[in-house]
4 protein chains.
Amino acid sequence: MEKKTLLTNCPDAKGLIAQITNICQKHQLNIVKNNEFVDHQYNRFFMRTEIEGIFNDHTLLADLDLNLPTGSSRSLINSTTRKRIVILVTKEAHCLGDILMKSTYGGIDVEIAAVIGNYDTLEDLVTKFNIPYHTVSHEGLTREEHEDKVLEAIAPYTPDYVILAKYMRILTPKFVEAYSNRLINIHHSFLPAFIGAKPYQQAFDRGVKIIGATAHFVNNDLDEGPIITQDVAHIDHAYSAEELAKAGRDVEKSVLSRALQQVLDDKVFVYANRTVVFK
Amino acid sequence: MEKKTLLTNCPDAKGLIAQITNICQKHQLNIVKNNEFVDHQYNRFFMRTEIEGIFNDHTLLADLDLNLPTGSSRSLINSTTRKRIVILVTKEAHCLGDILMKSTYGGIDVEIAAVIGNYDTLEDLVTKFNIPYHTVSHEGLTREEHEDKVLEAIAPYTPDYVILAKYMRILTPKFVEAYSNRLINIHHSFLPAFIGAKPYQQAFDRGVKIIGATAHFVNNDLDEGPIITQDVAHIDHAYSAEELAKAGRDVEKSVLSRALQQVLDDKVFVYANRTVVFK
Amino acid sequence: MEKKTLLTNCPDAKGLIAQITNICQKHQLNIVKNNEFVDHQYNRFFMRTEIEGIFNDHTLLADLDLNLPTGSSRSLINSTTRKRIVILVTKEAHCLGDILMKSTYGGIDVEIAAVIGNYDTLEDLVTKFNIPYHTVSHEGLTREEHEDKVLEAIAPYTPDYVILAKYMRILTPKFVEAYSNRLINIHHSFLPAFIGAKPYQQAFDRGVKIIGATAHFVNNDLDEGPIITQDVAHIDHAYSAEELAKAGRDVEKSVLSRALQQVLDDKVFVYANRTVVFK
Amino acid sequence: MEKKTLLTNCPDAKGLIAQITNICQKHQLNIVKNNEFVDHQYNRFFMRTEIEGIFNDHTLLADLDLNLPTGSSRSLINSTTRKRIVILVTKEAHCLGDILMKSTYGGIDVEIAAVIGNYDTLEDLVTKFNIPYHTVSHEGLTREEHEDKVLEAIAPYTPDYVILAKYMRILTPKFVEAYSNRLINIHHSFLPAFIGAKPYQQAFDRGVKIIGATAHFVNNDLDEGPIITQDVAHIDHAYSAEELAKAGRDVEKSVLSRALQQVLDDKVFVYANRTVVFK
């Protein structure tokens, strides 16, 4: 018996749940878990269905295509195939370390194919876990030249997702398009507060009483991509900007790990610069 | 066009979603929102379906009864009918006040049919809102005698739910059975911590760093009923037992109001001393 | 025996704690509670001292003035004198209602001298609590003309603080200066995110996963004043802009009430567009 | 110039702050940060003072002893000396991994002298970080025999604190006394809820909506020691007992790391089965 996840994202219409579940039944598939959401503003229907049984993917998808409205997208994902990621880093270890720990000792079921850094600072950490590390220095290169080298380094690993785990460089549209809706960043603020550089210094200067972190897909506008998950920590007047950054690191790593888990579980839909994240 | 909510609670079986949604479609009803949950431990299926259309309740329910497995329960609730509650209180105003404010000025759509107190302390507050207040003193009465009088006072209002908004008296099984799964209490601790009397003093004595509140259905075992919702507040060593109680009041009132809203929205299923609470 | 609170806000210097506590001892005063904070970036010292004893305010303050560095400010506040506030509102009842409930039935020890609204919507609520309500309509008036009338309405009550409990009008510098560091606003977002109008619509459009509220002193730049306290609520994709606003109301009221309590307890210092808030 | 932290824990009395700060001044020491707390129930005074200057520890402490009331304890700790810990583990990696990561890559400034496990499961992880790992199997040994071996293994490292990072064995009073107030445990529940074994299964059975974790000093009564810090995570009906455990791990590791940091910063006082934890 196989386990698959069917993701449906289509214009809303009457009877969609019945249609999709009927097709599952016709194929003698058992629905283990089902979630739907209708966005009434965008008139869009989202459904995530965990299915067990003997699959004939081709005829199942053909049946769906016959019945779903124009403008639908659907995919059938093998739930037992481990996904593969490449992680990009600069110098900070905390987000990377959390993913390394969880993928090795339990918590996130993912294959880290490689880690790529624009410095060699974290090579030592990554090699502890027997994972390839590539230093692709940006020094002396234009942004485009550097990115081409990073893209080249990533390509052989054919990752499902590319994770920016405190990768402190701005990406060009070319890079972003190459991994459209598969590029996840952790931003060290509660977006949209403190867009841009040095958010903890900005937070300190503004005298906020709460700091946060945001995991989001990257699109062409810096820090403007669809938000996957966010969390916060309470702070007070006694925190210096450095202490804010330190307090923020625990939030960052837990937010990024949580977002990664949600994406790996195929629980996240993206549309209209928003996400639907099923539980 | 009418709006109704269909609640289905039955043994799990293959094809339930398809069956129920097909019946809706056959009756030309439109599903606006749908949630399901399968408890694989108890092998139980829960579904909440918001439906729009022209209803023939009798034939719809008959169709469902024909198709659902033995041991199913289902109900069809008119979403636009305002529900009616009676609130029981003792002397503390905060939970009562929050519900009064929200039902009058927006936030909770409910009819407060009456408030009954074993003291007259809160009569002044309740009459400000033009709601009947009955003082049913327990003095000089046995627990059973007092409860009979309270039950008598409640009866004419035929409430959908009875809310214990800091009602500081223990109820007998007779009372609990009279409003089985319709009796909601706010307990001033993060259950199951600090069961019983004076939870804030207990919390102080134990030196906890977080306090909480729990809204739950009442069953025969004190503080052991199915939990609807809980929340917490962070505290520190500098809080006295009285300050804990004060900090706790804001948690209590928001937890009770939230649970009440969830119950009024027909989002809460009860089974096996647990709840399923749909979003 | 009297109870007073001494607030000291001065340039940092060696031995300040010893100097101030020695002066208290010399005057045979007992320190019940003491908090200090040194902002090393601004080189500024803050101390809040709860004192019991027989006070000669004049000689105590003279002793302090003799010993504190140039540029110091200090004040001695009678802890047992109830403070007086005027509340400004527009149409929303939740923040106002929470303060009314708490000042009447316990939770915040304050005298609400009057409530002033630019509509009469909330008159009914306020008069339930036997508190004067003034409608000062802005219709047909310039901003300046309207504000002059509001200032006139406030003046006879000589409030310690003016609370903007969802008062939906922008204030001029004249108004702000009149109640400098005594004017507290609740902003319905997690500042500095979503500055300006319709923050919940902005939050919805941005697809955030957490919403918040901010209580802050008002200065001349809209939504830029010193933050007193903030809190958040987790939300998800299923919330419409209206549901965000509803979920936000509970956060708003608890944040404003908490900030008000902190200010009434003389626990908040303001400097450099920041606050120090002692526990 | 040296940096030290003075911890004072004594019966409350008039003028204590003045006395201690005067002594600092007499010794020409500069107070960088100061916190006090008076527990009025236990009539106990706590003060933590960060001091800079040229120290003569002997005369400073002698001066303090001369002036503090009978029953006082005080200690002067070199803030720049790195503390040393030994970590005890069983099979779970998450708490250990977080401390390893933070001590190596930033976040917690501590020397992990050794890790001791009753299985060899985590040897591989620990040796990645070039830290000695000792397997001290309990198999075939009485509790006392096993503990003697563990104590023997710890002794040569003379740790300041012993950290139980998911060490799943109950300790005897002998062990606890050997490291009195220096033995820190992470309990995988929001104590005092779910004392004892399998708290996540207990939480599942009770149907709670929030789970938590508690870091506490260990005393002779299992799970009854002074609480240092606690935190929680919101969960819902859809979590199985295993998913509760998984969700709990992130809370456990952040709570233990936070408690460890507070203890290493000499911010935690213990008395009367309670803690005072300064910010």
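Evaluate the range D:53-63: report whether one residue or more is aromatic (Phe, Trp, Tyr) and within 28 Å of A:Ala247 (Cα to Cα).
From the range D:53-63, those aromatic (Phe, Trp, Tyr) are D:55; that's our starting set.
Pick out the ones that are also within 28 Å of A:Ala247 (Cα to Cα) and you get none.
No, the range D:53-63 contains no residue that is aromatic (Phe, Trp, Tyr) and within 28 Å of A:Ala247 (Cα to Cα).
If you go through the range D:197-209 one residue at a time, do you hit one that is open to solvent by 30 Å² or more (accessible area, probe 1.4 Å), touching a Phe, Trp or Tyr at 6+ places or on another chain (Cβ under 6 Å) and within 28 Å of D:Phe46 (Cβ to Cβ)? If you could, list the steps in order and put the result at the bottom.
Initially, the range D:197-209 is screened for residues open to solvent by 30 Å² or more (accessible area, probe 1.4 Å), giving D:197-198, D:201-202, D:205.
Cutting the leftovers down to touching a Phe, Trp or Tyr at 6+ places or on another chain (Cβ under 6 Å) gives us D:202.
Now restrict to residues that are within 28 Å of D:Phe46 (Cβ to Cβ): none.
Within the range D:197-209 (the criterion being open to solvent by 30 Å² or more (accessible area, probe 1.4 Å), touching a Phe, Trp or Tyr at 6+ places or on another chain (Cβ under 6 Å) and within 28 Å of D:Phe46 (Cβ to Cβ)), the answer is no, since none of the residues qualifies.
Is there a residue being at the interface with chain A (Cβ under 9 Å from one of its Cβ atoms), assigned to a strand (DSSP E or B) and open to solvent by less than 40 Å² (accessible area, probe 1.4 Å) anywhere in the range C:262-270? Give the steps one after another, and end with the answer.
Step one: filter the range C:262-270 for residues at the interface with chain A (Cβ under 9 Å from one of its Cβ atoms), giving C:269.
Restricting the remaining residues to those that are assigned to a strand (DSSP E or B) gives C:269.
Add one more test, that the residue is open to solvent by less than 40 Å² (accessible area, probe 1.4 Å), and what stays is C:269.
Within the range C:262-270, one or more residues are at the interface with chain A (Cβ under 9 Å from one of its Cβ atoms), assigned to a strand (DSSP E or B) and open to solvent by less than 40 Å² (accessible area, probe 1.4 Å).
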Expected output for the range B:226-251 (first residue within 15 Å of C:Gly106 (Cβ to Cβ), partner assigned to a strand (DSSP E or B) and open to solvent by 30 Å² or more (accessible area, probe 1.4 Å), Cβ below 8 Å, 6+ apart or cross-chain) is none
C:Val150 passes all but one of the listed conditions (1) of a type in the set (Val, Ile, Thr); (2) buried (at least 16 other Cβ atoms within 10 Å of the Cβ); (3) modelled with pLDDT under 95; the exception is number (3)
Could you count how many residues in the range A:138-147 are open to solvent by less than 70 Å² (accessible area, probe 1.4 Å) and in a helix (DSSP H, G or I)?
2
Breaking point among (1) open to solvent by 50 Å² or more (accessible area, probe 1.4 Å); (2) within 14 Å of chain D (Cβ to nearest Cβ), for A:Lys102
(1)
Sole exception among (1) open to solvent by 20 Å² or more (accessible area, probe 1.4 Å); (2) under 30 Å from D:Gly248 (Cβ atoms) for D:Ser73, by number:
(2)
Hey, any hits in the range D:67-88 for a residue that's under 18 Å from D:Val162 (Cβ atoms) and in contact with a Gly (Cβ under 8 Å, 6 or more places away or on another chain)?
yes
Failed criterion for D:Arg258 (all others in (1) at pLDDT below 95; (2) facing another protein chain (nearest Cβ under 10 Å) hold):
(1)
Those residues of the range B:211-225 which are surrounded by fewer than 21 Cβ atoms within 10 Å (Cβ to Cβ) and either within 10 Å of chain D (Cβ to nearest Cβ) or touching a residue at least 24 places away in the same chain (Cβ under 8 Å) (or both), in sequence order
B:Asn219, B:Asn220, B:Leu222, B:Asp223, B:Glu224
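Yes/no matrix, rows are residues, columns are (1) touching a strand residue (DSSP E or B) at 6+ places or on another chain (Cβ under 8 Å); (2) open to solvent by 60 Å² or more (accessible area, probe 1.4 Å); (3) of a type outside the set (A, V, I, L, M, F, W, C):
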residue: D:Gly53; (1), (2), (3): yes, no, yes
residue: D:Asn56; (1), (2), (3): no, yes, yes
residue: D:Leu60; (1), (2), (3): yes, no, no
residue: D:Asn78; (1), (2), (3): yes, no, yes
residue: D:Ile87; (1), (2), (3): yes, no, no
residue: D:Thr90; (1), (2), (3): yes, no, yes
Qualifying positions in the range C:157-179 - more than 24 Å from C:Leu141 (Cβ to Cβ) and either assigned to a loop (DSSP other than H, G, I, E, B) or within 11 Å of chain A (Cβ to nearest Cβ) (or both)
C:Thr158, C:Asp160
Can you list residue pairs whose Cβ atoms sit under 8 Å apart, with the first residue in the range D:122-133 being within 12 Å of D:Gly97 (Cα to Cα) and more than 10 Å from chain A (Cβ to nearest Cβ) and the second being assigned to a helix (DSSP H, G or I) and among the hydrophobic types (A, V, I, L, M, F, W, C)? Count only pairs 6 or more apart in sequence or on different chains.
D:Val126/D:Leu96; D:Val126/D:Leu100
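Tell me the residue from A:Leu68, A:Leu96 that is under 24 Å from A:Ala259 (Cβ atoms) and surrounded by 20 or more Cβ atoms within 10 Å (Cβ to Cβ), please. Spell out how you get there, then give the answer.
Working: A:Leu68 fails: under 24 Å from A:Ala259 (Cβ atoms).
Criteria check complete, one pass: A:Leu96.
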Selection over the range D:235-261 where residues are among the acidic types (Asp, Glu) and crowded, with 18+ Cβ neighbours inside 10 Å yields a count of 2
If I go through the range C:96-137 residue by residue, how many of them are outside any loop (DSSP other than H, G, I, E, B) and not β-branched (Val, Ile, Thr)?
18
Residue match in the range D:132-153 (condition: in the same structural domain as D:Asn273 (by TED's automatic domain parsing) and under 15 Å from the mean Cα position of the chain (by Cα))
no
Exclusive hit being outside any loop (DSSP other than H, G, I, E, B) and touching a Leu at 6+ places or on another chain (Cβ under 7 Å), set A:Ile228, A:Ile154, A:Ile184:
A:Ile184
Please state which of the following conditions C:Leu100 fails to meet, knowing it meets all the rest: (1) closer than 30 Å to A:Tyr239 by Cβ; (2) modelled with pLDDT of 95 or more.
(1)
Mind checking which residues of the range D:20-34 are within 15 Å of C:Thr21 (Cβ to Cβ) and open to solvent by less than 30 Å² (accessible area, probe 1.4 Å)?
D:Ile20, D:Thr21, D:Ile23, D:Cys24, D:Asn34
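Taking strands (runs of 3 or more DSSP E) that fall entirely within the range C:1-58, which contain at least 3 residues that are away from chain D (no Cβ under 12 Å)?
Working: elements: C:2-11, C:30-39, C:44-53.
It comes to C:2-11.
The values are calculated or read from the model by the stated rules, or taken from the named source; none is laboratory data. What you see is a predicted model; the values in this text were computed from it and never measured. Neighbour counts are summed over all protein chains in view; Cβ atoms, including those assigned to glycine, are modelled from backbone coordinates with ideal geometry. For the accessible areas, the whole protein counts, side chains as well, though only heavy atoms, and no ligand, DNA or RNA atoms are used. Shrake-Rupley method; radii C 1.70, N 1.55, O 1.52, S 1.80 Å.
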